[in-house]
Amino acid sequence: MKDSFRHKGLRNKLVEEIRLKGIDDERVLQAIMKVPRHLFMDTGFVKFAYKDQAFPIGSGQTISQPYTVAYQTRLLDVHRHCKVLEIGTGSGYQTAVLLEMGAKVYTIERQRELYLKVQSFLPSIGYNANFFYGDGYEGLESYGPFDRILVTAGATEMPEKLLAQIKTGGIMVVPLGGSDSQVMTRIVRTGDDSFEKTEHGRFVFVPLLKGRSM
Ligand code: SAH
């Protein structure tokens, strides 16, 4: 399946819908406009690709709602050449959005099947990231520190090891809370031992789980 004028038209509508919901960051909207989301969906859901909804992607996981992707990406304040660590590769859709914004992306997934699928799929459509199979709670100490860290699953507690992998002046966005819903939390590392935290509304994510899964 390829990208077509029809898909571009649907994407345009999706971007306008997200804009109406309050996302006014043109760089984020441009990235959403470029990524062919229909290629990231399981066959049964392709026709829903440009609905502003989350959908199952196998292994009990979901591709995030485009609005949520846009919201997190805006809070992350990504610039060209930013070194970004993403926790929860999932379908790779968020990874592609970050790459469209010019970031260098390191992404970790704990589900082996998803990791294997995405690391061959994303490069096949021109998106090159560094893929890792592991536990995102641990981060990637040997590749850090990072300008930005984006957690795309709901954490029940602050991932302390990730805090240590943010560069000074860097930003982490992480949904924090219980299993029903999480508060979108933005952390700026202001110094060696100082962090500033702000909260940005409630969302529902699949859980950030400890350890790897076969
Ligand atoms: N960014 C994804 C969202 C996927 S949902 C997308 O755009 O499609 C969240 C993903 O986080 C799931 O694939 C889940 O398996 C993964 N995940 C959960 N806990 C994790 C952990 N500790 N480390 C890495 N990935 C994790």
Taking the mean number of other Cβ atoms within 10 Å as a proxy for protection, how do you rank 139-145, 97-103 from highest to lowest?
-> 97-103, 139-145
Along the stretch 196-203, Karplus-curve 3J(HN,Hα) (6.51, -1.76, 1.60; θ = phi - 60°) to the nearest Hz, with x for Gly and Pro, reads 10, 10, 10, 10, 9, x, 9, 9
So for the chain, taking the charge dipole from beta-carbon charges (+1 Lys/Arg, -1 Asp/Glu), which of Phe55, Thr198, Cys82 sits furthest toward the positive end?
-> Phe55
Rounded, prolate or oblate (a/c below 1.5 giving rounded, otherwise prolate when a/b exceeds b/c) for the stretch 98-158 by Cα gyration tensor | oblate
Which trypsin sites (Lys or Arg not before Pro) in the stretch 1-37 pass both tests, a DSSP loop state and at most 10 other beta-carbon atoms within 10 Å?
-> Lys2
Express the carbon and sulfur contribution to the solvent-accessible surface of the stretch 53-203 as a percent, rounded to the nearest whole number, probe 1.4 angstrom.
-> 46 percent
Pseudo-spin-label distance Lys197 to Asn12, built 7 Å along Cα→Cβ, given in nm, is 4.4 nm
Amide hydrogen neighbours beyond the local backbone of Ile149, cut-off 5 Å, H modeled | Leu85, Ile171, Met172, Val173
Give Lys8/Lys83; Lys83/Lys210; Lys34/Lys104; Lys51/Lys197; Lys21/Lys197; Lys47/Lys83 a once-over and call out the pairs whose C-alpha atoms are over 26 Å from each other.
-> Lys8/Lys83; Lys51/Lys197; Lys47/Lys83
Built amide H within the under 5 Å cut-off of Ala54, gap 5+ | Gln65
For a quick protection proxy, order the peptides 187-198, 80-91 by their average other-Cβ count within 10 Å, most packed first.
-> 80-91, 187-198
What does the helix-only formula give at 222 nm for the chain: each DSSP H stretch with n ≥ 4 adding -39500 (n - 2.57), the total divided by the residues, and the result rounded to the nearest 500 deg cm²/dmol?
-> -8500 deg cm²/dmol
Mean shadow of the chain, computed from the convex hull of its alpha carbons, in nm²?
-> 10.9 nm²
Dipole magnitude of the stretch 53-203, debye to nearest 20 (Cβ charges: Lys/Arg +1, Asp/Glu -1, about Cα centre) | 400 debye
For the stretch 112-129, take each phi angle, set θ = phi - 60°, evaluate the Karplus expression 6.51 cos²θ - 1.76 cosθ + 1.60, and give the result in whole Hz per residue in order, putting x for glycine and proline.
-> 4, 4, 5, 4, 5, 5, 5, 5, 9, 5, 4, x, 5, 10, x, 10, 10, 10
If you plug each phi of the stretch 141-155 into the Karplus form 6.51 cos²θ - 1.76 cosθ + 1.60 with θ = phi - 60°, what whole-Hz ³J(HN,Hα) values come out, in order, with x for Gly and Pro?
-> 3, 6, 9, x, x, 10, 5, 9, 10, 10, 9, 10, 9, x, 9
Hey, got the dipole for the stretch 22-75? About the Cα centre, +1 on K and R Cβ, -1 on D and E Cβ, debye to the nearest 20?
-> 120 debye
Can you give the accessible area per residue of the chain, in Å², using a 1.4 Å probe?
-> 47 Å²
Would you mind telling me the antiparallel percentage of the DSSP bridges in the chain, rounded to 5?
-> 45 percent
Zone residues, the stretch 37-54, relative to Gln30, backbone N less than 13 Å from point 7 Å out along Cα-to-Cβ = none
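The values are calculated or read from the model by the stated rules, or taken from the named source; none is laboratory data. Remember, it's a predicted structure, so these values are computed and weren't measured experimentally. Counting neighbours? That spans all protein chains shown, and the Cβs are built from the backbone with ideal geometry, glycine included. Just so you know, the surface numbers come from the protein's heavy atoms only, side chains and all, with ligands and any DNA or RNA stripped out. Shrake-Rupley method; radii C 1.70, N 1.55, O 1.52, S 1.80 Å.
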